[in-house]
Amino acid sequence: MTITRKDFPENFVFGVATSSYQIEGATREDGRGPSIWDTFCREPGRILDGTNGDVACDHYHRWAEDLDLMKSLGADAYRFSIAWPRIQPEGRGAVNPRGLDFYDRLVDGMLERGLKPYATLYHWDLPQTLQDAGGWANRDTAHRFAEYARLVAERLGDRVTSYATLNEPWCSSILSYQIGEHAPGLRNRRLALAAAHHLLLGHGEAVSAMREVVGNAELGIVLNLQPTYPASDRAEDVAAAHHADGTFNRWFLDPLLKGEYPDDIWAAYGADVPEVRGGDLACVARPLDFMGVNYYSRGVNSANGSVRPADSAYTHMGWEVYPQGLTDLLVRLKEDYAVPPLFITENGAAYPDEPNGDRVHDPERVRYFESHLEAVARAAQHGVDVRGYFAWSLMDNFEWAWGYSRRFGLVYVDYASQRRVLKDSALWYQGLLTGQSEGVLLSATD
């Protein structure tokens with residue numbers, strides 16, 4: 001192992017991450033209401049393997065076992081998400097006490113094991129009743145989200161180290177309302193841009209509501225960001241990369257950190273731009289304690305569209321392995337924005353893992369994690385204030401539109417038996433976190 005904890009700043013947080021719909025299961029238990037993903041999974045052709053999250057990893061019943069797994073890895077923290085339909089089955093109004101009780105137990109279980117709780121309030125499982133009223137394209141959903149955020153903060157309070165309002169608003173707006181790959185599966189750019197604005201507005205209102213409730217907990221947001229590179233130095237390719245950066249990155253970064261939408265992209269969207277009311281952008285740009293960065297790959301763009309470099313390695317998702325992009329992204333954030341402290345809230349790779357007896361050999365994932373952690377360390381050496389890293393994911397799970405056909409986990413899950421098996425990448429990560437690495441790298445590459 002060439003990288004150690006000493007390569008990172010003092011008090012750097014190492015953790016693992018999951019999300020509620022991908023692991024919890026128990027979709028009809030203890031008063032939980034239906035989410036847009038429950039609906040989406042039952043629409044023919046939406047999910048690659050025709051599956052759903054009804055059981056997933058059964059984390060709702062096996063949470064104590066899963067927390068013990070995290071503890072055994074030497075993790076400092078656990079990034080999890082809270083299912084809005086468990087808290088408010090209708091997305092508004094009456095609170096489901098059994099839903100809050102579950103997260104109460106979960107947070108207490110983390111604290112008992114010395115794990116810092118990092119909560120995400122919205123990881124895409126919108127209550128279906130709110131979608132029936134227009135979902136995130138309806139401005140009212142932003143207000144309902146702030147009410148929900150306050151309810152959670154009132155119950156969990158400062159026991160939670162960190163609250164992120166949203167996970168990847170690009171996915172829950174553009175990918176979901178324009179591209180149609182995620183729930184609710186629409187293909188309408190005007191609705192997508194309205195959803196993006198209302199997500200950001202809901203974030204700002206939620207931050208304001210939670211500030212009144214929690215004192216010491218850190219409040220922020222998580223963005224999926226992708227550095228864009230031109231396929232050549234031709235002017236038209238450079239322009240294409242800048243435009244891609246605008247639609248993917250700056251459309252969310254600029255309102256959050258500058259209080260404005262990027263002029264070039266606003267003009268490009270024409271009549272589809274969202275309605276922005278007085279005070280909206282000031283609300284969106286409320287000061288943050290941190291920003292989470294989810295990084296998986298880069299984009300390479302030409303005037304003819306995105307480019308797939310032929311000489312690169314790719315994951316099972318078809319995403320290019322490009323760790324330098326993470327360094328470039330973090331340095332760019334520092335240089336271009338008055339950015340708050342950063343956390344890598346997701347980073348990982350899917351590969352077609354197969355058990356070999358009681359072992360799961362995944363050397364490509366080991367190399368992925370090591371190279372990307374090295375990229376984070378390089379960014380810190382360049383003066384970027386990066387304070388933590390969460391591996392995606394703790395365990396194999398329901399991978400959205402891909403169903404159970406893609407495995408991102410450090411821990412292998414046999415979905416039929418729910419047996420968990422530490423992959424070699426988990427042993428490698430354990431060695432990094434505990435400093436007891438002897439034999440781990442060998443086991444990860446034999």
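Things to note:
- Computed extension gain for GLU29 through GLU354, at 0.36 nm per residue and net of the alpha carbon distance, reaches 113.8 nm.
- Enclosed volume per residue, in Å³, of the convex hull spanned by Cα atoms of the chain: 139 Å³
- In the chain, the DSSP-assigned H stretches of four residues or longer account for a calculated mean residue ellipticity at 222 nm of -11500 deg cm²/dmol, using -39500 (n - 2.57) per stretch and the full residue count as denominator.
- Point-to-point label distance, ARG190-ASN11, nm (Cα→Cβ direction, 7 Å offset): 5.0 nm
- Extension gain from ASN304 to ALA64, taking 0.36 nm per residue of separation minus the Cα-Cα distance: 81.4 nm
- Using only the C-alpha atoms, the convex hull of the stretch 11-55 corresponds to 115 Å³ per residue.
- Among the GluC sites (Glu not before Pro) found in the stretch 200-255, those both in a DSSP coil and sparsely packed, with 10 or fewer other Cβ atoms within 10 Å of their Cβ, are GLU212.
- Between the amide H of ILE221 and those of THR165, PHE290, GLY292, distances stay under 5 Å, these residues lying 5 or more places away or on another chain, with hydrogens modeled in the peptide plane.
- For the stretch 1-46, a crude dipole built from +1 on the beta carbon of Lys and Arg and -1 on the beta carbon of Asp and Glu, taken about the Cα centre, is about 100 debye to the nearest 20.
- Distance between the stretch 157-200 and the stretch 260-321 - C-alpha centres, whole angstrom: 12 Å
- TYR314 contributes about 50 Å² of solvent-accessible surface, heavy atoms of the protein only, 1.4 Å probe.
- The stretch 256-369, relative contact order [Cα under 8 Å, separation at least 6], %: 28 percent
- Once the Cβ-Cβ distance of GLU90 and ASP54 is raised to the sixth power relative to R0 = 22 Å, the FRET efficiency obtained is 0.60.
- Highest average first, the peptides 270-277, 245-252 ordered by how many other beta carbon atoms sit within 10 Å of their residues are 245-252, 270-277.
- Look at the alpha carbon pairs under 8 Å that are at least 6 residues apart: their mean separation over the length of the stretch 299-446 gives a relative contact order of 23 percent.
- Whichever lysines have a C-alpha closer than 27 Å to that of LYS423, once near sequence neighbours (fewer than 8 apart) are set aside: LYS6, LYS71, LYS116
- Packing-based order for 406-417, 342-353, using average beta carbon neighbours within 10 Å, highest first: 342-353, 406-417
- Set of lysines with alpha-carbon distance to LYS258 below 16 Å, sequence-local pairs under 8 removed: LYS334
- Each of VAL16, LEU433, ALA375 was placed along the dipole of the chain (beta-carbon charges, centred on the mean Cα), and the one lying farthest toward the positive end is VAL16.
- Based on C-alpha pairs under 8 angstrom that are at least 6 apart in sequence, the stretch 147-276 has a relative contact order of 27 percent.
- Only one residue of TYR229, SER162, VAL276 has its Cα farthest out toward the positive end of the dipole of the stretch 140-279, where Lys and Arg carry +1 and Asp and Glu -1 on Cβ, and that residue is SER162.
- Positive-end ranking of ILE344, MET210, GLY246 along the dipole of the chain, with charges on Cβ about the Cα centre, is headed by MET210.
- Rounded if a/c under 1.5, otherwise prolate or oblate - the stretch 322-362, Cα gyration tensor axes: prolate
- Sequence of MET317, MET70 when ordered by accessible area, the most exposed leading, probe 1.4 angstrom: MET317, MET70
- Normalised per residue, the accessible area of the chain is 36 Å², obtained with a 1.4 Å probe and no contribution from ligands, DNA or RNA.
- Of the whole protein surface, ARG150 contributes about 70 Å² of accessible area at a 1.4 Å probe radius.
The values are calculated or read from the model by the stated rules, or taken from the named source; none is laboratory data. Since the model is a prediction, treat every value here as computed from it, not as a measurement. Neighbour counts run over all protein chains shown; Cβ positions are idealised from the backbone, glycine included. Note: accessible area is taken over every heavy atom of the protein model, side chains too, but ligands, DNA and RNA are not part of it. Shrake-Rupley method; radii C 1.70, N 1.55, O 1.52, S 1.80 Å.
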